[in-house]
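A.B. asks: Just dropping this structure here.
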Amino acid sequence: MSFKMHLLTSRTVAVILPVLLLLGMLYSYIWRHYRDGIFGQEVRPADGSSSRVDFTIVNHWFHLVASDYLEYQQPSIVQGSRTDVVTVTPWLAPIVWEGTYNPELLDSIYRPQNISIAATVFAVGKYTKFLRDFLETAEQHFFVGFKVHVYVFTDRPKEVHQVKMASGRQLTVVPVPGSNRWQEISARRMELIQTLIEEKLQNHMDYIFCLDVDSKFHGRWGTESLGALVAVIHPGYYRDDRSKFPYERRPESTAYVAPRKGDFYYCGGAFGGLLQEVHRLANTCRTNFEADAKKGIEAAWQEESHLNRYMLINKPTKVLSPEYLWQDFKPRNPEVRIIRFSGVIKNYADIRPNV
Ligand code: UDP
Ligand code: MN
């Protein structure tokens with residue numbers, strides 16, 4: 001090689017190399033932002049490990065388009081439709097009671113968005129006997145006219161009752177192992193919900209609700225319940241002082257709540273929201289549950305305790321009144337104008353694998 005040529009080559013290299021380097025940095029910068037912005041978020045459980053979960057951005061939740069043709073009653077700004085109950089939390093999340101919303105208006109906003117809702121229900125061991133009523137009444141009341149996919153987790157797939165479902169609605173049976181401790185069945189739900197979202201639901205469903213199987217629908221449960229993170233107020237404690245809430249009270253537990261803390265006591269038997277929010281909740285509760293287990297602690301009400309701890313810090317963006325999970329053995333209080341979903345009376349000794 002001549003001296004001139006050698007000079008030319010090393011000059012070319014000196015120019016091309018930094019340009020290539022710059023292009024590489026630019027590419028990785030753009031890709032990282034594109035991926036985070038378009039596809040999702042980093043989910044970091046409490047133990048510091050990290051798992052990447054991709055979710056399509058849900059735009060429609062922030063943009064409510066009403067039909068120009070619908071006529072409805074003028075909403076008042078000075079006269080509340082419910083004056084006997086509180087309809088907003090101190091962090092300005094709506095509390096949903098009958099009479100506070102217009103179902104036709106809400107449905108007309110959400111129907112064109114073609115939203116889809118997943119529902120999970122666990123029926124392990126003898127609890128399969130509740131499935132029939134649960135599934136049949138869900139057809140009559142739960143998001144009627146919307147795309148619904150029910151996931152039944154069971155160790156007895158043969159006992160899953162065949163229900164006739166309306167078009168756009170479907171059911172999938174997910175086989176899970178049985179257990180001889182009800183506490184374990186109850187606790188394992190968070191892990192299975194987390195896995196379901198990661199493996200089956202992301203980018204296919206918008207919202208998810210996780211419900212107890214030993215219950216029936218009696219009234220509408222629909223678009224009024226949609227929100228990023230949705231909690232249901234437990235029917236048993238909503239008139240009580242928070243010091244009486246059955247939170248986990250041992251400071252060694254990750255579910256610990258101090259006596260002078262707490263908003264409302266929420267149900268473990270019904271919660272939901274956007275996929276990414278429920279994924280974060282399930283992941284956190286599961287991680288904390290496992291951290292407790294390592295120390296030999298099981299929270300007072302298993303995952304309900306962890307859920308309550310989570311919701312104390314991560315405030316729900318919509319709160320559902322006890323209309324959304326009553327208990328059949330409880331007489332109806334006057335402020336509860338409609339019971340939408342209610343736990344049936346059951347004999348624990350008959351149906352649980354242990355007492
Ligand atoms: N569960 C189950 N099999 C069991 C115990 C519990 O499938 O042996 C599931 C079922 O979905 C049930 C939920 O865990 O609805 C919570 O348990 P349970 O309803 O007995 O609790 P409770 O509502 O009485 O507090
Ligand atoms: Mn129950």
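The values are calculated or read from the model by the stated rules, or taken from the named source; none is laboratory data. What you see is a predicted model, and the numbers here were worked out from it, not measured in a lab. So basically every Cβ, Gly included, is an ideal-geometry build from the backbone, and we count neighbours across all protein chains shown. Accessible surface areas use protein heavy atoms only, side chains included; no ligands, DNA or RNA. Shrake-Rupley method; radii C 1.70, N 1.55, O 1.52, S 1.80 Å.
A.B. asks: Could you list all residues from the range 290-302 that are open to solvent by less than 30 Å² (accessible area, probe 1.4 Å), modelled with pLDDT of 95 or more and either over 25 Å from D241 (Cβ atoms) or within 13 Å of ligand 1 (Cβ to nearest atom) (or both)? Steps first, answer last, please.
C.D. replies: Our first condition is that a residue be open to solvent by less than 30 Å² (accessible area, probe 1.4 Å); within the range 290-302, this holds for 292, 297, 299, 302.
Filter again for modelled with pLDDT of 95 or more, leaving 292, 297, 299.
Result: D292, I297.
A.B. asks: Additional query: I need the full set of residues from the range 301-323 which are hydrophobic (A, V, I, L, M, F, W, C) and either under 13 Å from the mean Cα position of the chain (by Cα) or more than 13 Å from G262 (Cα to Cα) (or both), in order please. Full working, then the answer.
C.D. replies: Quick first cut of the range 301-323, residues hydrophobic (A, V, I, L, M, F, W, C) only: 301, 307, 311-313, 319-320.
Within the range 301-323, W301, L307, M311, V319, L320 qualify.
A.B. asks: Tell me the residue from S81, S67, S116, S76 that is surrounded by fewer than 20 Cβ atoms within 10 Å (Cβ to Cβ), hydroxyl-bearing (S, T, Y) and within 28 Å of H279 (Cα to Cα), please.
C.D. replies: S116
A.B. asks: Got a sec? Which of S116, S167 is away from ligand 1 (no atom under 12 Å from the Cβ) and free of Cβ contacts under 8 Å to residues at least 40 places away in the same chain? Before the answer, list the steps.
C.D. replies: Details: S116 fails: free of Cβ contacts under 8 Å to residues at least 40 places away in the same chain.
When all the criteria are applied, what remains is S167.
A.B. asks: I would also like to ask the following. Which of the residues belonging to the range 124-154 are more than 10 Å from ligand 1 (Cβ to nearest atom), over 18 Å from G272 (Cα atoms) and charged (D, E, K, R)?
C.D. replies: K129, R132, D133, E136, E139
A.B. asks: OK, next. Take the residues of the range 162-188 that are in contact with a His (Cβ under 9 Å, 6 or more places away or on another chain) and away from ligand 2 (no atom under 16 Å from the Cβ): which is farthest from G125 (Cα to Cα)?
C.D. replies: The initial filter retains those residues of the range 162-188 that are in contact with a His (Cβ under 9 Å, 6 or more places away or on another chain), namely 169-172, 187.
Now narrow it down to the ones that are away from ligand 2 (no atom under 16 Å from the Cβ): 169-172.
On the way: R169: 26, Q170: 23, L171: 19, T172: 18 Å.
Out of the qualifying residues, it is R169.
A.B. asks: For the list (1) touching a residue at least 60 places away in the same chain (Cβ under 8 Å); (2) more than 19 Å from L211 (Cα to Cα); (3) buried (at least 23 other Cβ atoms within 10 Å of the Cβ), I need the number of the one condition that P353 fails.
C.D. replies: The number of the failed condition is (3).
A.B. asks: Hey, does the range 237-245 have a residue that's closer than 25 Å to G343 by Cβ, acidic (D, E) and surrounded by fewer than 22 Cβ atoms within 10 Å (Cβ to Cβ)?
C.D. replies: Among the residues of the range 237-245, at least one is closer than 25 Å to G343 by Cβ, acidic (D, E) and surrounded by fewer than 22 Cβ atoms within 10 Å (Cβ to Cβ), which makes the answer yes.
A.B. asks: Here's another thing I want to ask about it. Collect the residues in the range 319-335 that are in contact with a strand residue (DSSP E or B) (Cβ under 7 Å, 6 or more places away or on another chain) and among the hydrophobic types (A, V, I, L, M, F, W, C), keeping them in residue-number order.
C.D. replies: Of everything in the range 319-335, those that are in contact with a strand residue (DSSP E or B) (Cβ under 7 Å, 6 or more places away or on another chain) and among the hydrophobic types (A, V, I, L, M, F, W, C) turn out to be V319, L320, L325, W326.
A.B. asks: Please enumerate the residues belonging to the range 165-188 that are modelled with pLDDT of 95 or more and under 22 Å from the mean Cα position of the chain (by Cα).
C.D. replies: G168, R169, Q170, L171, T172, V173, V174, P175, V176
A.B. asks: Name the pairs: first residue in the range 212-228 and open to solvent by 10 Å² or more (accessible area, probe 1.4 Å), second residue within 16 Å of ligand 2 (Cβ to nearest atom) and among the charged types (D, E, K, R), Cβ to Cβ under 7 Å, at least 6 apart or on different chains?
C.D. replies: D214/K346; K216/D133; H218/R340; R220/R340
A.B. asks: Something else now. Restricting the range 209-222 to residues that are within 15 Å of ligand 2 (Cβ to nearest atom) and assigned to a strand (DSSP E or B), which is nearest to K147 (Cα to Cα)?
C.D. replies: F209
A.B. asks: Using the structure shown, decide if T254 is touching a helix residue (DSSP H, G or I) at 6+ places or on another chain (Cβ under 9 Å) and open to solvent by 40 Å² or more (accessible area, probe 1.4 Å).
C.D. replies: Details: touching a helix residue (DSSP H, G or I) at 6+ places or on another chain (Cβ under 9 Å): yes; open to solvent by 40 Å² or more (accessible area, probe 1.4 Å): yes.
Criteria met by T254.
Per-residue answers, yes or no, for (1) away from ligand 1 (no atom under 12 Å from the Cβ); (2) assigned to a helix (DSSP H, G or I):
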position: P251; (1), (2): yes, no
position: F264; (1), (2): yes, no
position: C267; (1), (2): no, no
position: Q276; (1), (2): yes, yes
position: N288; (1), (2): yes, yes
position: E304; (1), (2): no, yes
position: V336; (1), (2): yes, no
position: S342; (1), (2): no, no
position: D350; (1), (2): no, yes
